[in-house]
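Please read the structure below before turning to the comments.
Quick note: the coordinates plus some simple rules give every number you see, no bench work behind them. Predicted, not measured: the structure shown is a model, and the values here were computed from it. No Cβ is skipped: glycine too gets one built from the backbone with ideal geometry, and neighbour counts run over all protein chains shown.
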Amino acid sequence: AQSVTQPDIHITVSEGASLELRCNYSYGATPYLFWYVQSPGQGLQLLLKYFSGDTLVQGIKGFEAEFKRSQSSFNLRKPSVHWSDAAEYFCAVGAGTGGFKTIFGAGTRLFVKA
Amino acid sequence: DAEITQSPRHKITETGRQVTLACHQTWNHNNMFWYRQDLGHGLRLIHYSYGVHDTNKGEVSDGYSVSRSNTEDLPLTLESAASSQTSVYFCASSDSGASGYTFGSGTRLTVV
């Protein structure tokens, strides 16, 4: 069955430091992969997505993610974190026919220290 | 601008009552989804629809129903609310599997 694992429940980084959030997935075929961000009291916003092509994808707000098929990973990175990046981040895989049914990881909460 | 709106934002109801949560999108997306978000469980799929008159059960569909009479709306009904259905509910829409979802702002439902 398809699944998404985010090993870190929460991460704390200092403002200006680099960030990497881990995501591993289980899916039989080439997956649709996504990262979403959720600020408190808000819905989820799509940061970036991967379907095919270049395995390093760029997203909004300065985020990027790299698809590594051999490791079944899709880790999210940002070179320099801003205090406004504090939020919860969800990795997701599009499953089912056409990839419409999205399965979400449990999320990683990011705290940013001044 | 196109948007997806959920109403109400907050709702308190009593056990056993029927409750309907509204979801309206102006993206003209064929695909709509309902998720619930609970601590420790992330987002879990309740029901989804690929178009008018199409509805499908997700992984946690017991006690919930949906109907799709037009492209814009997918209301979620709790037939007889239970305390276990206290949660935050999110509606989402999409035009393709590769495009990702657009989410509403959520409805926080408390069943007392």
Original post:
Mind checking the mean number of beta-carbon atoms from other chains within 10 Å of the Cβ atoms in A:45-57?
Top reply: 2
Subject >> A:Lys61 paired with A:Ser3, simple spin-label distance in nm, labels 7 Å along Cα-to-beta-carbon >> reply: 2.8 nm
Original post:
Based on Cβ point charges of +1 for Lys and Arg and -1 for Asp and Glu, what charge dipole magnitude is obtained for chain B about its Cα centre, in debye rounded to the nearest 20?
Top reply: 300 debye
Subject >> Exposure proxy ranking, count of Cβ atoms within 10 Å, fewest first, for A:Glu66, B:Glu14 >> reply: B:Glu14, A:Glu66
Original post:
Which FRET efficiency, nearest 0.05, do B:Lys57 and A:Ser52 yield, Cβ-Cβ r, R0 35 Å?
Top reply: 0.70
**OP:** Take every residue in peptide B:40-50, count the Cβ atoms of other chains within 10 Å of its Cβ, and give the average of those counts.
**Re:** 4
Original post:
Along the Cα-to-Cβ line of A:Ser70, 7 Å from the Cα, sits a label point; which residues in region A:1-42 have backbone N less than 20 Å from it?
Top reply: A:22-31
Original post:
If you take the C-alpha gyration tensor of the protein assembly as shown, multiply each eigenvalue by 5 and take the square root, what semi-axes do you get, largest first, in whole Å?
Top reply: 30, 20, 16
**OP:** Assuming R0 = 35 Å, can you tell me the calculated FRET efficiency for the pair B:Ser69 and B:Glu14, based on Cβ-Cβ distance, to the nearest 0.05?
**Re:** 0.80
Subject >> Computed log₁₀ I(q)/I(0) - Debye formula, equal Cα scatterers, no solvent, chain A, q 0.16, 0.21, 0.22 Å⁻¹ >> reply: -0.68, -1.15, -1.25
Original post:
When averaged across all projection directions, what area in nm² does the alpha-carbon convex hull of chain B cover?
Top reply: 6.6 nm²
**OP:** Work out the mean other chain Cβ neighbour count within 10 Å for the residues of B:86-95 and drop it here as an integer.
**Re:** 2
Original post:
Hey, fewest Cβ within 10 Å first, where do A:Ser3, B:Ser94 land in order?
Top reply: A:Ser3, B:Ser94
